[in-house]
Amino acid sequence: IDGTTNFQAGLPLFCASIGVVDLKTRSILAGVIHNPVLNETSSAIQGKGAYLNGKLLLPKTTESVIPLSQSMVNVGFPVVKESTLRASSKAVSALATRVRGLRMIACASQAMAWVAHDKFQVYTSWDLNAWDVAAGIVIVREAGGSVMDFDGKPAKISSRDLIITSPSGREELGNELRDIFKSAECMEYD
């Protein structure tokens, strides 16, 4: 279960998240994210597209990237370490007046599924675990979105700090966030 604190508190924002990883190549082959409260199942198989409740997710046909000012952004708020909490707090401050809406739903897999659905244009977080993001990485990529680490490289299963952008946000929006995060000094922590 991802979003365990939400689950324990009775908040309906939690998911079962399963990623299938080839241990030799460390590539993510497939993923499923299921929210039982919303009855939403997002899934993907590498090279076969992404699906919501069995229906193929078709990327929005737009030539231009949705600008940051029109984007819904979900920011992770990792409270395990004070240093990651400080980093995400700086990011919230740097983004708050630059986006259409800023959210913190505290469930990485759900946020990634909603990026794949293009409900959020961006999700970013620090110090994530592979079991929380493996399924989401393949689902977002198969939906036409981008998953990068804070260095701007394609994320791997071992990447812990991520910027995930929707099909309408694409990599350009991720790079814009990286520039903002560099200026706000919120990309590094202990």
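Scanning the range 153-177 for residues that are polar (S, T, N, Q) and under 13 Å from the mean Cα position of the chain (by Cα), which turns out surrounded by the most Cβ atoms within 10 Å (Cβ to Cβ)?
Once the filter is applied, the top-ranked residue is 165.
Look through the range 95-152, keep the residues that are of a type in the set (S, T, N, Q) and surrounded by fewer than 24 Cβ atoms within 10 Å (Cβ to Cβ), and return whichever of them is farthest from residue 40 (Cα to Cα).
97
Being open to solvent by less than 40 Å² (accessible area, probe 1.4 Å) and out of contact with any Asp or Glu (no Cβ under 6 Å at 6 or more places or on another chain) is true for just one of 11, 57. Which residue is that? Don't jump to the end; show me each part of the working.
On the way: 11 fails: open to solvent by less than 40 Å² (accessible area, probe 1.4 Å).
Going through 11, 57 in turn, the sole match is 57.
Restricting to the range 60-94, what's the tally of residues that are exposed (fewer than 15 other Cβ atoms within 10 Å of the Cβ) and touching a strand residue (DSSP E or B) at 6+ places or on another chain (Cβ under 7 Å)?
0
Only residues that are in a loop (DSSP other than H, G, I, E, B) and under 16 Å from residue 175 (Cα atoms): list them for the range 65-96, please.
Scanning the range 65-96 gives 65, 66, 67, 71.
The values are calculated or read from the model by the stated rules, or taken from the named source; none is laboratory data. Since the structure is predicted, the reported quantities are computational estimates derived from the model, not experimental observations. Counting neighbours? That spans all protein chains shown, and the Cβs are built from the backbone with ideal geometry, glycine included. Note: accessible area is taken over every heavy atom of the protein model, side chains too, but ligands, DNA and RNA are not part of it. Shrake-Rupley method; radii C 1.70, N 1.55, O 1.52, S 1.80 Å.
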